[in-house]
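The values are calculated or read from the model by the stated rules, or taken from the named source; none is laboratory data. Here the structure is a predicted model, which means the values were calculated and not measured. All Cβ positions, glycine included, derive from the backbone under ideal geometry; neighbour counts span all protein chains shown.
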Amino acid sequence: MGSSMDKNSPEVSVVVPLLNEQDNISPLYEQITQTLTQPLRGAGYNYEIIFIDDGSSDDSFTILSQLQKADNKVRVIRFRKNFGQTAALSAGFTHARGKIIVAIDADLQNDPADIPKMIKKLDEGFDVVSGWRKKRHDNAITRRLPSKIANWLIAKITGVKLHDFGCTLKVYRREVLAETKLYGEMHRFIPALASWSGASICEMVVNHRPRTAGAAKYGLGRTLKVVLDLITVKFLGSFSTKPIYIFGGLGVISGLAAVAFGLIVLYQKCAHNFAMNRNPLLLLTAMLITATIQFILMGLLAELLVRTYHESQNRPTYVIKEILESPDENGDQK
């Protein structure tokens with residue numbers, strides 16, 4: 001989170017990634033503004049809206065420019081080309097100045113009216129409040145069915161029990177995102193990454209509206225990306241500081257299989273005089289021995305890379321939530 005904060009920083013930053021949403025930008029801006037300026041708990045929010053134009057080819061940037069000139073609470077980030085939703089969200093999170101950061105889609109399917117309720121839920125002690133589109137207004141075959149399968153798979157593998165990882169509408173505490181780095185298409189895994197860092201997460205049912213303008217940017221094609229990213233996330237979450245465990249484990253399994261098949265080859269030779277050079281199990285044994293050596297060497301190389309990565313950046317392998325200590329004799333904290 002690169003931007004500095006001061007007493008004049010906004011309380012809430014709303015991050016809106018978009019691609020070719022010229023018909024939805026102005027209505028969304030009006031809805032967000034109306035929602036966040038309504039009195040809540042005695043006062044409205046001090047807020048900012050950050051639009052990230054992810055390489056739009058329509059009039060989206062022209063409309064955003066007009067909004068920014070008319071309202072100093074609006075900030076616009078324009079990419080040189082389309083880098084994807086994860087990159088857009090990452091840029092928005094980096095430039096956000098609020099203590100609370102809200103992510104919302106620009107297609108008007110997420111309802112800005114849910115934002116105050118989610119922030120109020122955050123005040124109960126949670127670090128992340130994730131939206132759940134319980135009643136979705138999307139195509140059943142191309143959107144809802146793949147989403148259900150992906151959500152089940154992600155929850156099963158990551159251990160984070162959410163119904164809807166793909167819902168962009170989420171509310172975060174700033175410090176949680178400061179510990180979360182995004183690459184590839186991993187924006188949907190933010191709750192899992194945050195949970196592994198010790199963040200407390202809850203889910204809230206949010207309103208999901210049918211799309212009235214523009215076209216959906218995602219379909220069945222992203223399913224494979226989700227699966228591949230899930231493998232990456234699982235590896236980073238479980239083995240990023242101890243890769244030898246997974247590569248060494250695979251090496252041990254391969255080595256035990258090589259021993260087993262080698263014994264079978266010897267038994268067939270001794271008991272049945274079966275020619276070893278005609279036995280395909282001998283070739284399999286040799287392949288498994290080679291794989292064992294490769295897995296162990298890969299694990300050792302990965303360990304060297306991990307240590308180089310953490311030590312070169314002085315990056316800790318832990319996350320501290322708070323420190324309690326007594327002052328020293330001079331009245332200063334130790």
Pairs needed: first member in region 125-149, β-branched (Val, Ile, Thr); second member anywhere, surrounded by fewer than 14 Cβ atoms within 10 Å (Cβ to Cβ); C-beta distance under 6 Å; at least 6 residues apart or different chains. Thr142/Gly219; Thr142/Leu220
Within region 141-162, how many residues are assigned to a loop (DSSP other than H, G, I, E, B) and either of a type in the set (A, V, I, L, M, F, W, C) or touching a helix residue (DSSP H, G or I) at 6+ places or on another chain (Cβ under 6 Å) (or both)? 3
Pull up region 198-245, narrow it to residues that are within 16 Å of the chain's Cα centre (by Cα) and in a loop (DSSP other than H, G, I, E, B), then point me to the one that is modelled with the lowest pLDDT. Ser240
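Residues are listed down the side, and each one gets a yes or a no for (1) surrounded by 15 or more Cβ atoms within 10 Å (Cβ to Cβ); (2) more than 21 Å from Asp23 (Cβ to Cβ):
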{"residue": "Gln38", "(1), (2)": "no, yes"}
{"residue": "Ile49", "(1), (2)": "yes, no"}
{"residue": "Asp71", "(1), (2)": "no, no"}
{"residue": "Ile77", "(1), (2)": "yes, no"}
{"residue": "Ile101", "(1), (2)": "yes, yes"}
{"residue": "Ile119", "(1), (2)": "yes, yes"}
{"residue": "Val128", "(1), (2)": "yes, yes"}
Ser200 being closer than 24 Å to Gly84 by Cα, surrounded by fewer than 22 Cβ atoms within 10 Å (Cβ to Cβ) and out of contact with any Cys (no Cβ under 9 Å at 6 or more places or on another chain): no
Residue check for Leu64: of a type in the set (A, V, I, L, M, F, W, C) and more than 21 Å from the chain's Cα centre (by Cα): yes
Given the conditions (1) crowded, with 19+ Cβ neighbours inside 10 Å; (2) among the basic types (Lys, Arg); (3) within 21 Å of His208 (Cα to Cα), which single one is not true for Arg97? (3)
All but one of (1) modelled with pLDDT of 90 or more; (2) surrounded by fewer than 14 Cβ atoms within 10 Å (Cβ to Cβ); (3) closer than 30 Å to Met186 by Cα hold for Ile296; state the number of the condition that does not hold. (2)
Residue match in region 91-100 (condition: out of contact with any His (no Cβ under 7 Å at 6 or more places or on another chain), at pLDDT below 95 and more than 14 Å from Arg174 (Cβ to Cβ)): yes
